[in-house]
Each structure stands twice: as structure tokens, then as C-alpha cells.
1. Restricting the search to region 89-139, which residues are of a type in the set (G, A, S) and within 17 Å of V331 (Cα to Cα)?
2. If you scan region 344-386, which residues turn out to be farther than 23 Å from D59 by Cα and among the charged types (D, E, K, R)?
3. Checking the conditions here, which among L120, L153 is buried (at least 22 other Cβ atoms within 10 Å of the Cβ), closer than 30 Å to G302 by Cβ and at pLDDT 95 or above?
4. Taking region 319-358 as the search range and keeping residues that are of a type in the set (S, T, N, Q) and not in a helix (DSSP H, G or I), which one is surrounded by the fewest Cβ atoms within 10 Å (Cβ to Cβ)?
5. Cβ contacts < 9 Å: first residue under 9 Å from V318 (Cα atoms) and part of a helix (DSSP H, G or I), restricted to region 283-302; second residue at pLDDT 95 or above and of a type in the set (S, T, Y), any location; separation 6+ or different chain. Result?
6. From the list T362, T306, T314, which one is within 15 Å of L157 (Cα to Cα), in a helix (DSSP H, G or I), out of contact with any strand residue (DSSP E or B) (no Cβ under 7 Å at 6 or more places or on another chain) and not hydrophobic (A, V, I, L, M, F, W, C)?
7. Please indicate, with yes or no, whether at least one residue in region 207-216 is in contact (Cβ under 8 Å) with a residue 12 or more places away in the chain, over 30 Å from I371 (Cβ atoms) and in contact with a Pro (Cβ under 9 Å, 6 or more places away or on another chain).
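The values are calculated or read from the model by the stated rules, or taken from the named source; none is laboratory data. Computed from a predicted structure; not experimentally measured. Cβ placement follows ideal geometry from the backbone for every residue including glycine, while neighbour counts extend to all protein chains displayed.
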Amino acid sequence: MATASESDVAMATGTRPGIGRRSALTRGAGAWIAVLLAIPLGLAVLLFTHYGQGVSGIDLGVYRGGAGTLLDGKPLYEFVYGPGLPFTYPPIAAVLFVPLAWLPGALALGTWTFLSVLALEVVVWLTLRHLDVTDPVLRLRWTAIFAVIGLSLDATLFNTWIGQINIFLMLLIFLDLLAPTGRFRGVAIGIAAGLKLTPLIFIGYLLFTRRFHAAATATAAFAATVLIGFAVTPKDAASYWKKYVFDVKRITLDGQAPFLDSSINRLLARLHSPHPSVVYLVLAVVVGVQGLTVAVWASRRGYELTGVMACGITGLLVSPVSWTFHWVWFVPLLVMLTVRASRGNRTGEKIGVALMWLVCLTSAWWVVKQIRDDPIPAPINHFYANWLTFAGIGALIGFALHLRRTAELPARVPEPLP
């Protein structure tokens, strides 16, 4: 029931009680939605006007070139773009990039940038939602703030500048596991794995968390991407799955940006390990098992966001190649750590999160220097080249310690889906 003052206001304005508050809420949400659209539009215009400068749009050129090669009926895996970059992805990736192959290069990069930044905003939105930021206007505001800061990190800056696909892969996984997908859960994971194989780890995650129907759906979706590749270009598909899928050297050309690969495999090479391949396989198994254990543990206790993050980071660590721009997962990770630290009373935790933000932001400078091939002191080079790997391992350890601290508490009940 409305109070007397509310009734008086309603009579004087000719409105019902509560309408004014809803209108204010709508106006507030509308303003932030406009901001969230302006952010990708502004960056899209910037990349549109800088297309072809330096490495701008270089990886998008590989995707579009592969699609164009497919349209021309030429051998897909004989295509080489610009400075010796071959098409290294499954055939389905070339199929999906056909629409962008029809556009001029600058317009394709601008369009792809706009969609990529929108995808990042949705990831941040879902992250905040699972952190129980329930007020819609507040969530929109912080989505905009974290998106702007997140776009300044090395991984996202590099990802958008060269026109990579990793933000979309992360979005597909977030939509599948952190949004109400119902009986279609697993489809997006299968598609993501079809585009790049690293997301296959999430099928294991679904199995170990006993979501067998979703795991089967993801497997079927992945198989469908493979079959589409064979249906469209059978010879290329056969070549990829028989030969090129195992050819890591094709992905990491000799001398090509050795400091921009933040995998355990490349870390061992930089440390001049005497038997890097053997040591890598052992470490990959150990880290993979431990990381998935943490992910499953988190999921079963109701911390699904932590489980998804742990699985994603584990996939990056054990992959034979994890370029800097693959680590876009650090945006939702930092959002999650920032929100949790702000709600706690641990000073050390807050300082640690602040230092992580600082290193991530300054690493963008390092990436630009790497791209321009500017001279960088060796200690700085090694620090930034290796820090993502150690930070990823540190995040898994931190997740495990957090779960251990809360082991005697009841499992967290996730926020109900709308």
C-alpha cells in the first residue's frame, strides 16, 4: 500500500505510485546501455581507420584469407597471409568467416572489433551476475567500467588489434555454463572447440561434474563442426585432421614472437630445459589434473564461476601454444577477484588484486614494444613473457585455498536464473 505522501504525489502528477521510480530506473539503464554501445563503436572506428597499420587486422586477414581460399576452391592449408602466416585452424573456421571475406578489409576489421567488444561486455555482465550484483543499473555501470579497463589489458588490446577470435570463444563458454541454456547446454562449447581445440577441456569439465547430457551435446556439436568441414571441403578436412592438427611448428614459426607465447611449453623453452618436450608433457598432465580437480571442486560446491575460470585457465596452461591474446580470460578473472576483495576485509588480498591490475595494464606497453620490435631489457622481457603463466598457476592455487577455507561451510547456492 502506498503511503500518504506517495498517494499525494501520484494524485498531483496523475501517475500511479512506483511509476516514477521505474521511469528513473529505465532512464538510468538506458544511459548505461548507450555507453555500452558507444564503447565498441568507438574502438571499431579506431581500428577501421588504422586497418593495415603495423599488425592491425593481421590475424583477421588469416581468417578472411582462409575463407576466400575456400570460396576460390584452392587448397586451404596452402594459403599463406602476408608475412608468412598460414591458415592453422579447422576448416569450419574458414566457413564461418565467409561473410567477413566478402567485406573490404577495413570494414571487416571494424565490424569484427565492434562484435568482439560487445562479446567482452556480455562476459563481464555474466561475471557480475554470478557475483550477485543484482541491481541492473549498477551491473550495467560496472560492466562499462570493467570493459573499458579490460580493453586496456595486454590480452584484450592485442586480441582486438590483430582481429583474433578468443573473446568469442570465451563468450560461447560463458553463455553455455553461466547462462540459462537449458537442454541446449553444451552446444556452444562444442562450437568453440570446433573453432579452436583448446575448449575441448570443457567437455571433460562437464563429464567430471556429472553433466553427462551436456557433455554428450557438446561432443555432438563438436563432431558436427568436423562433419561440416568434411562436407564443404573434404580434402582440406582430411589434411587437417590427419596432419596439420598435430603440427605445432606450423603455429609457432621459428623466431616468431617467442616472448608472446605464455604456455608452460614455451616457458620451458625460454628456461633452456634440457628435455623440454618430456618435461612439458609431465607438467601438462600434473597441471591439467590439478586444475580440473579445482574446477570440479568449485562447481560441486556451487561456485560455478570459479569452476569455469579454473577450467579455462587450466586449458591455457596445458595447451602447447598460448599466445598472449589467448589470455582474455584474465578480464573476468580480475573482475571476480576485484569484487570479492572489495567485499572482504583482507588488506593483503586487496593489495594483491591491485598489483595484478597494475601488471596487466603495464604489460600492454610491453606488448606494443614487442609488436614494434623495439629493444627491451632482457629481465623485463622475461618477466612479462612468463608472468601470465605463473599468474595462472597462482590463480588455481588461490581458488584451491579459497575452497579449502570454505570447506566447512554449506555449499553456496547460486543466484537463481531469471
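1. Pass one, region 89-139, residues of a type in the set (G, A, S): 93-94, 101, 105-106, 108, 110, 116, 119.
The answer is S116, A119.
2. R346, E349, K350
3. L120
4. Within region 319-358, the subset of a type in the set (S, T, N, Q) is 319, 322, 324, 338, 342, 345, 347.
Then drop every residue that is not not in a helix (DSSP H, G or I), which leaves 319, 322, 345.
On the way: S319: 22, S322: 24, N345: 7.
Once the filter is applied, the top-ranked residue is N345.
5. Here the result reads V287/T314; G288/T314, each pair linking region 283-302 to a residue that is at pLDDT 95 or above and of a type in the set (S, T, Y).
6. That would be T362, the only listed residue that is within 15 Å of L157 (Cα to Cα), in a helix (DSSP H, G or I), out of contact with any strand residue (DSSP E or B) (no Cβ under 7 Å at 6 or more places or on another chain) and not hydrophobic (A, V, I, L, M, F, W, C).
7. Scanning region 207-216 turns up no residue that is in contact (Cβ under 8 Å) with a residue 12 or more places away in the chain, over 30 Å from I371 (Cβ atoms) and in contact with a Pro (Cβ under 9 Å, 6 or more places away or on another chain).
Okay, residues lined up against (1) surrounded by 13 or more Cβ atoms within 10 Å (Cβ to Cβ); (2) at pLDDT 80 or above:
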site	(1), (2)
A10	yes, no
G18	no, no
G28	yes, no
G54	no, no
G61	yes, yes
R64	yes, yes
D72	no, yes
P91	yes, yes
